[in-house]
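To start, the structure itself, in structure tokens.
The values are calculated or read from the model by the stated rules, or taken from the named source; none is laboratory data. As the structure is a computational prediction, the values presented were derived from the model and not from experiment. Cβ: placed from backbone, ideal geometry, glycine included. Neighbour counts: every protein chain shown. Ligands, DNA and RNA are stripped out before the accessible areas are found, and what is left, the full protein with its side chains, is counted by its heavy atoms. Shrake-Rupley method; radii C 1.70, N 1.55, O 1.52, S 1.80 Å.
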Amino acid sequence: MIHRLVCHNGRLLPVEDVRLSPGQSGLMSGWGLFTTMRIVEGIPFAFERHWKRLSRDAEKTHCPFPFDEGAARSQLAQVLSANKVQEGCARIYAMQNKIGFWRSDENFPDADLLICSSDLPSYREQMRLALRPHGRHAASPLAGVKVTSWLNNVWNLYEAQQAGYDEVVLLNERGEVAECTAANIFCVVRGRVATPPLSSGCLAGVTREVLLEIGEAVGVPVEERVLMPEDLFAADEVFVSSTNRSLLPVSHIDGKTVSLAQGDARQKLEKAFGRYVREYVESHSAAATKR
């Protein structure tokens, strides 16, 4: 559940005072973007990577994005301070306002920027994943774009949870593994880690991006390659990554038990990722102190 104070177009407001209109056509049709970031000791981890992805997605979707990175960072800091968030997560939404027929003549900006925070969600220590054929359409020009029209994800997650699973592996139209609804997926074979390429239709997750960068240096190379469901079942270990999960092992997929090897590869990556986060937080805390 989100915290009470949010920032809407630069104004810090109680959530009940935020006005969103039926005349905001992008809001009603899902023509908008969002990103979720982890807050560690009051610092938004990897803010720059999240902002870069938002900017890239805005260009791809023709969503106006007239926002200044520094101003948005300051507004996020206001939200975190007002809600007393030291450990948690935050979301930034950018919503198109003036598109299509079903819009009003109200004096909206071209796009709204909405920033909110929340506590960290809780997760099971070992994930149980369902399997959904045709859950991703890799050929779509919007594949891998984090848009606010998120029904495909929340609907697939709801169905999986109703069946007793924690998440769901989405397969694309070729039957390849793409991702989960809110996490990237990895498998380990003989110490080597593989994750689906972006051509599978998966999101370029920030945690995924960092793992691809740091794996080689800690003796656990991470590579992108096409994965089929059979690769997950035959792997020494399967795990997922996301902003709010870091790295979590998977114990079951589609009702079948998958290997839960003691996970040297995952544990090394998890420790290396933890160090990366720690160094980021310390450097940005020091920079904030100097300002």
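Assorted remarks:
- The single condition among (1) open to solvent by less than 40 Å² (accessible area, probe 1.4 Å); (2) closer than 24 Å to Cys202 by Cα that Asn97 does not meet is (2).
- Residue list for the stretch 1-41, restricted to those being open to solvent by 10 Å² or more (accessible area, probe 1.4 Å), assigned to a strand (DSSP E or B) and either without any contact (Cβ under 8 Å) to a residue 24 or more places away in the chain or touching a helix residue (DSSP H, G or I) at 6+ places or on another chain (Cβ under 7 Å) (or both): Ile2, Leu5, Arg11, Leu12, Leu13, Pro14, Val40
- Filtered residues of the stretch 192-225 (kept if in contact (Cβ under 8 Å) with a residue 60 or more places away in the chain and open to solvent by 30 Å² or more (accessible area, probe 1.4 Å)): Arg192, Ser199, Glu209
- Residue list for the stretch 172-205, restricted to those being over 17 Å from His134 (Cβ atoms) and charged (D, E, K, R): Arg190, Arg192
- The lone exception for Ser241 - which of (1) over 30 Å from Pro44 (Cβ atoms); (2) in contact with a helix residue (DSSP H, G or I) (Cβ under 8 Å, 6 or more places away or on another chain); (3) of a type in the set (Ser, Thr, Tyr) it fails: (1)
- Those residues of the stretch 116-166 which are polar (S, T, N, Q) and open to solvent by less than 60 Å² (accessible area, probe 1.4 Å), in sequence order: Ser117, Ser118, Ser140, Thr148, Asn153, Asn156
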